[in-house]
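Notes follow once the structure below has been shown.
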Amino acid sequence: MNIDYHALLPEFILAGTILLVLVVDVFLPERAKWFAMPIGLIGVVGSLAGVLSLIGAGTRESFGGTYVVDEFALLFKGFFLVTAVVVLALSLRYFREGGFYQGEYYFLLLTSFLGCVMMPSSRDLLLLFLALELVSAPGFLMAAFRKGDVKSNEAGVKFFIIGVLSTAVMLFGMSLIYGVTGGATKLAEIGVALDGVSGEMETLAFAAILFVVVGFAFKVSAVPFQFWAPDTYEGSPVPVAAFLAVASSVAGFAGLLQLMFVAFAGQHEFWVPIFAFLSIATMTVGNLVALQQTQVVRLLAYSGIAQSGYILLTFALVTDDAASNRNAFAAAVTYILIYGVMNLGAFAATVAVSRRHPTLGVADFAGLRETAPVIAVGMAVFMISLAGVPPTGGFWGKLLIFQAAIERGGTLGPALAVVMLVNSVASVFYYLVVPRQMFLRDAADPSRLRVPALVTAVVAVAMVTLVAIFVLPNVFARLAEISTLVGLGA
Amino acid sequence: MSAQEYAFTVLAVVGGLSAIAVVTARNVVHAALYLVVTLLSVGGVYLLLGAEFVAWVQILIYVGAIVILFLFGLMLTKAPIGRDTLDNQQRWLGALVGVGVFAGLVFLIQEAFPVQDAERFETFHATTDAVGESIFRNYVLPFEAVSFLLLAALIGAIVLARKDDAS
Amino acid sequence: MIRLPLVLMFSALLFSAGVYGVLARRNAVMVLMAIELMLNAVNVNLVAFSSSLHQMSGQVFALFIIAVAAAEVGIGLAIVILLFRTRESINVDEVNLLKW
C-alpha cells in the first residue's frame, strides 16, 4: 500500500491544527478562549500552502487509487480552505461576543472542513460516505450552538434528522451498487462494471442510482428535499449558516460531480431526466418562495436553493458526447466556485448587520449606505451577481451554463436554457429588495454601524473578486478547464 | 432448504416482525426492546453469513451501546405513551410509502436475482485477523477519518448536552 | 449455504419498516430508531454481498457504518436533550419539520 505523504500534506496540517486547537483550548483562560481562532487560521493557511505546493505536481494516487490528488481535487481543496479562512474571520467577533463555547466551535468547524478537503479526493464509496459524514456531523452540532435559543435547537434537530435520513438512503443505494457491480467500490471500477451490467440487473442498478441521487438531493437541498434548509440556516449562528450554505453544499456537489460524471456516467439516459426534473423544480420553487421572504437569512437560503437548481441543470446536460460533457462539467465547476464567492460575501454582509439587528429582517438593512457604506456597496454587488446581472462574476457563471445547455442540443438542452433564463429574470425582483432598502430607505438609527475589520475585509475582497471575474473571465474559465476528471465522458 | 436456510428463515421472520413492531409499538420502551430483538437477529444473520467479527461488533455496539443510549434518551425526555402522541397524521401515507418501497424492492431483487434460480452460495468466512489486517492495510485513511468523526461527536455532544450555569 | 435474494429481501423489509417509521413517528428518538433500522438494512446488504462475492470490503464498509451510526446517535441524543430542555417536547411535527 503506497502512501504519498506529500499529496496528503494539506490533510495532515489541517488534522494537526484540529488537535492543536482542542488541546490549547484546555489551557486558555476564559477571557482568551477566542485565541483558538488565530491558531486555526494559521493552520488553515498552512494547509492552503500545502495545496499550493501540489499544483503542477501531476495526478498523485494514494491508498490503491482510492484517494487521488488531481487538479479537480486541488481546485476544490483550495476553494474549501479559502472558505475556511472566511468563515473563521466571520466567526471571531460573533462567537466572542455571543457567549459561546469558542474553542469547541473552532474545533468542530475545522473538523468539518477536514471532511470538505477530503471530499474531492475521495474516489471510493466508503471514503465519499465518510467525508460526507465528516462534513455534516459537526454541522449538526454547530447548527444547535445557540443553546438557549429554541430556534437554534430546532435547527439542529431538523438538520440532524434530515442529514441522517439522507445518509441512510444514500448508503442503501451504495450497498446495492456494491452488489450489482460484483464488489466494486472505487468510482472508476463502478463505472466500468455498471456498463457491463444488463437486463434485469440493470433495473436494480437504476434503483440504486436513484437512492444515491435522492440522498445527495437532501444534502444539496434540491426540491422536493429542500424544506430543512431555510429553517436550519435561520436558526443557526450566522457564520455557521454561511458555512452550511457554502462549504457543506459545495462539498455535496463535489461528491455528486464525481459520482455522476465518473461512476454513473454510462447510465446517463436513466438519470438525466431525473436531474432535469430536480433542476427545474429546485430553481422554480426556490425563486418563487424567495419572492415572499422578509428575513434575510431565509431569503439567502431560498436563493441558495434556486442556485442549487442552476448547478443541478449542468448534470442534466450529460450525453454520449465527451466534448459536450466537458462543457457541462466546466460550467458546473465554474458556477460552483463563483456561487461560493458571492454567497460568502452576502453572508459576510449579513454578519455585519446582525451585530445591530439580530433578527435580520429585510427592513433592518434600510439606510445601510450611510451607516456602513462598504457593506452596502458589497451587498448590492453580491445581490446583482446572484441574480446574474453584469458587471459581476455571476453573469459569466450563468452564461457558461446557458451556453453548455444550448450546445448540448436536442430538445432538453434549449428547453432547460429557457427555464433558467425565465427563472433568472424572476429572481431579479427579490434580489433587488435588499439593495432598495439599503439605498432608497433611511435607517432608524443613522449612527455608524461598527463593523469588525475582518468582516469588512471579507466583503471588500469578495466584491473585488466578483468584479475582477467579470473583467477577466479567462483566468477563471481556465481554472475550471484544467480540472477535468479522469475518465470524464467515457 | 439447507439447515442454514432454516436458521436464516427463523431469524428473518423474528427480526422482520420485531422491526415492524419497533415502528408501530405504542409504548416507547417496548419499541426499544423490539429494536434489541431485531438487532440480535441481524447479528445472527451475520453469523450465518460467516461475518463473525461484524456480528459481535453488531451486538456489542448496537445492542450494548446504541440501544442503551436510546433508552437514556427516552427517559431523559420523558417520552409519552400512546398512539396519538407517538404517531402523526401521516401514518397512512407512511404505510403506503413503506409498503410501496418494500414491494418495489422485492420485485427488483426478484428480477435481478430470481429466488428459484439462485444458488446457495458457499459463505465466506472472514476471520477476525483477516478483517483487522484489511482495515489497517487498505482502510487506514477511512479509519483515521472515523476517529476524527467520533472525537467531534464526543466533544460536540458534551458541549450541547451539558447544563450551562449562565442560562 | 443461503440463497442471496432471501437475505436481500430481509434487508428490504428492514429498510421499508424504517421508511414507514420515519414518516409516521412524531417523537424524534423514535424517528432515529427507524433510521437505525434503515442503516441495519444497508449492513445486511453489504455483508450478504460480501459473503456471496467472497470479498472483504463489504464487511469493512459495514463496520465503518456501525461506527458512524454510534457517533450519530450520540450527537442526536445530545441535540434532542437540548431541545427538550428549552421546549419540553421533542415531537418533530411541532418542530415544523415539513414547513415550507
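Looking at the stretch A:85-93, is at least one residue at pLDDT below 95, polar (S, T, N, Q) and within 20 Å of the chain's Cα centre (by Cα)?
Yes - at least one qualifying residue is present in the stretch A:85-93.
So which pairs qualify, if the first residue must be in the stretch A:57-76 and on the phi > 0 side of the Ramachandran plot, the second must be hydrophobic (A, V, I, L, M, F, W, C), the Cβ gap must be under 6 Å, and the two must be at least 6 apart or on different chains?
Close Cβ pairs (under 6 Å, with a partner that is hydrophobic (A, V, I, L, M, F, W, C)) amount to A:F63/B:L141.
Of all the helices (runs of 4 or more DSSP H) wholly in the stretch B:48-167, which have at least 3 residues that are β-branched (V, I, T)?
B:91-112, B:128-138, B:140-161
Could you tell me whether any residue of the stretch A:102-112 is more than 8 Å from every other protein chain (Cβ to nearest Cβ) and among the β-branched types (V, I, T)?
no
Residues of the stretch A:25-63 being part of a helix (DSSP H, G or I), among the small types (G, A, S) and surrounded by 15 or more Cβ atoms within 10 Å (Cβ to Cβ), which ones?
Within the stretch A:25-63, A:A36, A:G40, A:G43, A:G46, A:S47, A:G50 meet the criteria.
Output the residues belonging to the stretch A:281-303 that are among the small types (G, A, S) and either buried (at least 24 other Cβ atoms within 10 Å of the Cβ) or away from every other protein chain (no Cβ under 14 Å) (or both).
A:G286, A:A290, A:A301, A:S303
Using the structure shown, decide if A:V69 is modelled with pLDDT of 95 or more and either under 23 Å from A:F253 (Cβ atoms) or away from chain B (no Cβ under 14 Å) (or both).
When the stated conditions are applied, A:V69 does not pass them.
Could you tell me how many of the residues in the stretch B:16-31 are more than 7 Å from chain C (Cβ to nearest Cβ) and either in contact with a strand residue (DSSP E or B) (Cβ under 6 Å, 6 or more places away or on another chain) or in a helix (DSSP H, G or I) (or both)?
6
For the stretch B:125-135, indicate whether the set of residues that are in contact (Cβ under 8 Å) with a residue 40 or more places away in the chain, surrounded by fewer than 18 Cβ atoms within 10 Å (Cβ to Cβ) and hydroxyl-bearing (S, T, Y) is non-empty.
yes
If you go through the stretch C:3-17 one residue at a time, how many are under 13 Å from B:A31 (Cβ atoms) and either more than 7 Å from chain B (Cβ to nearest Cβ) or surrounded by fewer than 24 Cβ atoms within 10 Å (Cβ to Cβ) (or both)?
Result for the stretch C:3-17: 0.
From the list A:M37, A:M1, pick out the single residue that is over 25 Å from the mean Cα position of the chain (by Cα) and either at pLDDT 90 or above or within 24 Å of B:F143 (Cβ to Cβ) (or both).
Criteria check complete, one pass: A:M1.
Given the options A:A405, A:A380, name the one that is under 21 Å from A:Q307 (Cα atoms), in contact with a Ser or Thr (Cβ under 9 Å, 6 or more places away or on another chain) and of a type in the set (G, A, S).
When all the criteria are applied, what remains is A:A405.
Here is a list: B:V97, B:V159, B:V146. Which entry is more than 7 Å from chain C (Cβ to nearest Cβ) and among the β-branched types (V, I, T)?
B:V159
When both residues are 6+ apart or on different chains and their Cβ atoms are under 7 Å apart, which pairs have a first residue that lies in the stretch A:354-382 and is outside any strand (DSSP E or B), and a second that is charged (D, E, K, R) and surrounded by 17 or more Cβ atoms within 10 Å (Cβ to Cβ)?
From residues that are outside any strand (DSSP E or B), the pairs are A:H357/A:D364; A:A376/A:R369.
Could you check the stretch A:227-241 and list, in sequence order, the residues that are modelled with pLDDT of 85 or more and either closer than 14 Å to A:T282 by Cα or part of a helix (DSSP H, G or I) (or both)?
A:W228, A:A229, A:P230, A:D231, A:T232, A:Y233, A:E234, A:G235, A:V238, A:P239, A:V240, A:A241, listed by residue number.
Report yes if some residue within the stretch C:41-52 is aromatic (F, W, Y), at the interface with another protein chain (Cβ under 7 Å from one of its Cβ atoms), over 25 Å from A:K147 (Cα atoms) and over 15 Å from the mean Cα position of the chain (by Cα); otherwise report no.
Looking through the stretch C:41-52, at least one residue is aromatic (F, W, Y), at the interface with another protein chain (Cβ under 7 Å from one of its Cβ atoms), over 25 Å from A:K147 (Cα atoms) and over 15 Å from the mean Cα position of the chain (by Cα).
Does B:L154 satisfy the criteria of being out of contact with any helix residue (DSSP H, G or I) (no Cβ under 6 Å at 6 or more places or on another chain), closer than 30 Å to A:L109 by Cβ and either more than 7 Å from every other protein chain (Cβ to nearest Cβ) or aliphatic (A, V, I, L, M) (or both)?
In short, yes.
Checking A:A331 against (1) aliphatic (A, V, I, L, M); (2) surrounded by fewer than 24 Cβ atoms within 10 Å (Cβ to Cβ); (3) at negative phi, which single condition isn't satisfied?
(2)
Looking at A:G179, A:G163 in this structure, which one is farther than 28 Å from A:G65 by Cβ and crowded, with 23+ Cβ neighbours inside 10 Å?
When all the criteria are applied, what remains is A:G163.
Does A:I18 qualify as being within 14 Å of another protein chain (Cβ to nearest Cβ) and either closer than 23 Å to B:L154 by Cβ or surrounded by 23 or more Cβ atoms within 10 Å (Cβ to Cβ) (or both)?
Spelling it out, A:I18 is indeed within 14 Å of another protein chain (Cβ to nearest Cβ) and either closer than 23 Å to B:L154 by Cβ or surrounded by 23 or more Cβ atoms within 10 Å (Cβ to Cβ) (or both).
Restricting attention to the stretch B:107-121, does a residue exist that is loosely packed, with under 12 Cβ neighbours inside 10 Å and facing chain C (nearest Cβ under 8 Å)?
yes
Go through the stretch A:132-184 and count every residue that is more than 7 Å from every other protein chain (Cβ to nearest Cβ), of a type in the set (G, A, S) and in contact (Cβ under 8 Å) with a residue 60 or more places away in the chain.
Result for the stretch A:132-184: 5.
Residues of the stretch B:1-15 being without any contact (Cβ under 8 Å) to a residue 24 or more places away in the chain and either under 17 Å from the mean Cα position of the chain (by Cα) or crowded, with 21+ Cβ neighbours inside 10 Å (or both), which ones?
Matches in the stretch B:1-15: B:V13 only.
The values are calculated or read from the model by the stated rules, or taken from the named source; none is laboratory data. Predicted model only: the values in this text are computed from it and were never measured. Reconstructed Cβ throughout: ideal geometry from the backbone, glycine too, with neighbour counts over all protein chains shown.
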